[in-house]
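What follows is a single structure, written as structure tokens, with notes after it.
The values are calculated or read from the model by the stated rules, or taken from the named source; none is laboratory data. The structure presented is a predicted model; accordingly, all values stated were derived computationally and were not measured. Here the Cβ positions follow ideal geometry from the backbone for every residue, glycine too, while neighbour counts run over all protein chains shown. We work out accessible area using only protein heavy atoms, side chains counted, and drop any ligands, DNA or RNA first. Shrake-Rupley method; radii C 1.70, N 1.55, O 1.52, S 1.80 Å.
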Amino acid sequence: MKGLYVKDLHLLAKQKLFFMATIFLTVMNAYNLQTLVLVPLFMIFFVLSIIFTTITLDEMNHGFTFLFTMPISRKKYVIEKYSLSYIATIAAISLSVLVLIIMNTMQGRTIDLKNLLLVLASVFIAGSFYISLILPFYFKFGEGKSRMIIMVVMAIIFFFVFLGKGLFERLGIDIVALLHRISEIPLGLLFTVSTIAAIIAGGISFVFSFGFIEKKEL
């Protein structure tokens, strides 16, 4: 599996300009935004987008045919992509923290450490769900179709959120009061439930991804 990491690092090195652009945009956002959560979210989204493209690059020019003739199983290949995505998420969060500290220090602002840790934990869980959602699409359809399908899925989600808001209003349910009740739930319980849900989602996602790569013709 070490060889897979080395291969992907070489592929990612060729996209260093995109990485630099991402860091620059993150720095600009950190300088202008007053909220902490958007900076690591922004960084994770773009870094993972680059990571996911390694699957497409592997598949180009019958790359899978060559790759799987080596002593690399399809299961190990899928494991490597998931582990690389989680490592990239941690790296993106770490880099965003560095950027936030530097930008806030330059502006003479202080960061609440407890609030920052809460934001980072929430962002990591959100990133885990994002990985679980997106990777199976890339294994099944490749980059082009995956982006279209993801856009459709997001549109459907936003539609149901909007529909749900209207439904709540018709039923006389106060959304603000409901959100307030949720906010009263102990943070420890919320994070425990969210973490368990993220692990379950990751497991289901892995099963689907492995099934897709197993059925892929070389």
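I'd like the Karplus ³J(HN,Hα) series for the stretch 88-100: coefficients 6.51, -1.76, 1.60, θ = phi - 60°, whole numbers in Hz, and an x wherever there's a Gly or Pro.
My calculation for the stretch 88-100 gives 5, 5, 5, 5, 5, 5, 4, 5, 5, 5, 4, 5, 4 Hz in order.
Could the peptides 65-71, 1-7, 126-132, 209-215 be put in order, highest first, of the mean number of other beta-carbon atoms found within 10 Å of their residues?
Packing order, densest peptide first, comes out as 126-132, 209-215, 1-7, 65-71.
Heavy atoms only, probe 1.4 Å: what % of the accessible area of the stretch 49-158 goes to carbon and sulfur, would you let me know?
That fraction is 74 percent.
Can you flag which of Lys14/Lys114; Lys2/Lys114; Lys16/Lys215; Lys14/Lys81; Lys7/Lys216 are past 26 Å Cα-Cα?
Distance filter (> 26 Å) returns Lys14/Lys114; Lys2/Lys114; Lys16/Lys215.
Using a 1.4 Å probe, what is the accessible area per residue for the stretch 51-119, in Å²?
54 Å²
Determine how many Å³ per residue the convex hull of the Cα atoms of the stretch 33-131 encloses.
Enclosed volume per residue, from the Cα hull, is 103 Å³.
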